[in-house]
1. Hey, can you grab everything whose amide H is under 5 Å from the amide H of residue 130? Only 5+ residues off in sequence or another chain; H modelled, so Pro and N-termini drop out.
2. If the elastic network links every pair of Cα atoms under 10 Å, which of 69, 165, 42 fluctuates the most in the Gaussian network model of the chain?
3. Given a 10 angstrom Cα cut-off, can you work out which residue in 28, 143, 55 is the most mobile in a GNM of the chain?
4. Could you check how much of the accessible area of the range 58-101 is carbon and sulfur, as a whole percent, using a 1.4 Å probe?
5. Could you tell me how many degrees, from 0 to 90 and to the nearest 10, lie between the Cα long axis of helix 52-73 and the main elongation axis, the longest principal axis, of the Cα atoms of the chain?
6. Quick one: what does P(r) look like for the range 1-93 with 10 Å bins over all Cα pairs, in whole %?
7. Which label marks the calculated value of semi-axes √(5λ) of the Cα gyration tensor in Å, given the options (1) 59, 21, 17; (2) 38, 20, 14; (3) 30, 21, 15?
8. Out of 101, 44, 91, whose Cα points farthest toward the positive end of the dipole of the range 29-101 (charges: +1 Lys, Arg; -1 Asp, Glu; placed on Cβ)?
Amino acid sequence: EDLLQGFRQGIFPRGLDLTLAARDGDSRMVAVSISLVPREPEAILLTLRDVTDERRIERQLQETTAFMEKIIGNSIDAIIASDMSGRIVLFNQTASRLWGLPVEEALGGMHVNDLYTEGDARAIMKKLRSDDYGGAGRMTPQRIWLMSRTGDNIPVSLSAYLIYEGDQEAYTIGVFSDLRAKIRAEEKIAFIEEKLALSEKQVEL
């Protein structure tokens, strides 16, 4: 009825999807093209194309994309990605906190080299293309230092990957685990162990 009312007012929607009920109780999604019929002013031509499977796949892709965005956004690790020109295309909230850098600024044309200390980005790419660090296209966790916007030196464990489109390198992805809490815990344990060892020596004396 809404379509008919629109036709009477000269409104012919484009990109219209309609759900049709089949006799077996099932339903199908169709894309509708609408046009006038030459020399038939009272006639409207509707062309229907079954897009049920197409729309289902699109919906599944959208759901998968949303799910992956939630995983990346809520990750306790900093995750960044850049294209092969070095332009940052992914920068999650944990990365924002780690570097002290707003997401919008990182995605606003910033170069990935700006996130590393001098020479590290080049060394990482060399390792990614080598077979010695987990196989070509990936780098097993390596400890490096980052410089935050406030000037803090931050120890991190970095895993990196190359994403290919066909045979061509398309993107690099880095996953950074902040090691500061771990190092503080290790130093505290070492301090306690040293104190215990000293106490044992004093008891023996």
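1. Distant-sequence amide H within range of residue 130: 137.
2. 42
3. Answer for the Gaussian network model of the chain: 28.
4. 57 percent
5. 20 degrees
6. 13, 26, 21, 17, 16, 7, 1
7. Computed from the coordinates, semi-axes √(5λ) of the Cα gyration tensor in Å corresponds to (1).
8. So the residue we want is 101.
The values are calculated or read from the model by the stated rules, or taken from the named source; none is laboratory data. Just so you know, these numbers come straight off a predicted model, no measurement behind them. Every residue, glycine among them, receives a Cβ derived from its backbone with ideal geometry; neighbour counts consider all protein chains shown. Note: areas computed on protein heavy atoms with side chains; ligands, DNA, RNA excluded. Shrake-Rupley method; radii C 1.70, N 1.55, O 1.52, S 1.80 Å.
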